[in-house]
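Rule-based calculations on the coordinates, nothing more; no lab input. These figures come from a predicted structure and were not determined experimentally. So basically every Cβ, Gly included, is an ideal-geometry build from the backbone, and we count neighbours across all protein chains shown.
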Amino acid sequence: MKKLVAILLLVCAVNMAYTQFFDNTLVKTRPFKFFFNPNVGLEKPISSMFSITSEVAYHKFDNFVDGSIKGQYFDNDWFGYPSKVKFNGVEIALGARMYLMTLPNKYLDGYYWIAPFGLYYEVNVDYSHSWAYEVQIYDYGRSVYYDVNWPYYRADVRLDNLSIVMLIGYQHNFKNTLSIDFNVGARYYCISKDSREVLSVNPTYDDVAVGEVIRNENRRWQIAGRFTLGYYIRYDWMKRKK
C-alpha cells in the first residue's frame, strides 16, 4: 500500500512539473527547413520580457551547399563521374530573447506580460555535427580534370560547426493558439572544422598517407534568417493587472 501511494505521489509530481514546464510554452518548427532537416523547438518565457529558446534538428545536406568548408566531396555515379555526397548529422541550438514591445492584441488585453509575442532581440549558440563515410575526395586541378575515375583519396569525413547567431524579429500571436515568427540577422562561425581520416590513397599521389587525419578550418560570417510556426501551450498562466 505504501509503495502504491508513493508511486501515485511520484506520478502526480511528475505531471505537475510537466504541466508547469509546458505552461506558457511555444512548440515550434521551421516549415521550409523541416522537409529536408526535421526540427522542433521550444520557447519558454522566464519573465515578462525574457524567454529562452532551444531547437533540435536532424542535419542533412549535399556536398557543402552552404559553402562552409573549402574542398569538394564526391562519390561516383553510374557513369563514373563524381556526384554529390549526402551528409547526415544533428544540430542543437540554445538561445535567449529580450522582448521590446508588442502591438495591442485583444487576446492579451489586461495582461502585463510581453513575452513571447512582439518585437525582440535574440542571441543563440548553434552546434552541428555531421558525417559521411568512405567519401571519395577529388582535388580540383589534379584528379577531377585528369581522371575522374581515380579520386585523390578516400576518407571518412566529419564536420563540426559552432556558431553564434544574432537576430532581430517579430513574433505574432493568432487567437492565443498559433504563432508566426520572422527574424533576420547574422551568424558567425567561431568554430568550423572539417576532419578527414584517410582510408585509401591513389598510388599516383604520395603526399597523403593512409591513417592520416587532415583538418581544415573556415571561420566566417553569414546572413541569418528564419520563418517559424508555433503552437502556444497555455494553462491560464498570465496574471492580470491589479
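At 0.36 nm per residue, minus the direct Cα-Cα distance, what do Leu178 and Arg219 gain on full extension? Give it in nm, one decimal, please. Could the numbers behind the result be given before it?
Numbers: separation 41, 0.36 × 41 = 14.76 nm, distance 3.71 nm.
Using 0.36 nm per residue and subtracting the Cα-Cα distance, I get 11.1 nm.
Going by amide H atoms built from the backbone, whose H comes under 5 Å of the H on Asn218, apart from near neighbours?
Placed amide hydrogens put Ser192 under 5 Å from Asn218.
Report the gain in length on full extension from Arg234 to Met49: 0.36 nm times residue separation, minus Cα-Cα distance, nm rounded to one decimal.
Numbers: separation 185, 0.36 × 185 = 66.60 nm, distance 1.70 nm.
Extra length available between Arg234 and Met49 comes to 64.9 nm.
If R₀ is 25 angstrom, what is the calculated FRET efficiency for the pair Tyr133 and Lys33, using the beta carbon separation as r and rounding to 0.05?
According to the calculation, E is roughly 0.55.
Based on other C-beta atoms within 10 Å, arrange Asp156, Asp126 from fewest to most.
Numbers: Asp156 15, Asp126 19.
Sorted ascending by nearby Cβ count, the order is Asp156, Asp126.
Once both labels are modelled 7 Å past Cα along the beta-carbon direction, what's the Val56-Met98 spacing in nm?
That separation, rounded to one decimal, is 3.0 nm.
Round to the nearest 0.05 the FRET efficiency obtained for Ser200 and Lys84 when R0 = 22 Å and r is the Cβ-Cβ distance. Please list the in-between numbers first.
On the way: r = 21 Å, r/R0 = 0.94.
Between Ser200 and Lys84 the formula returns 0.60.
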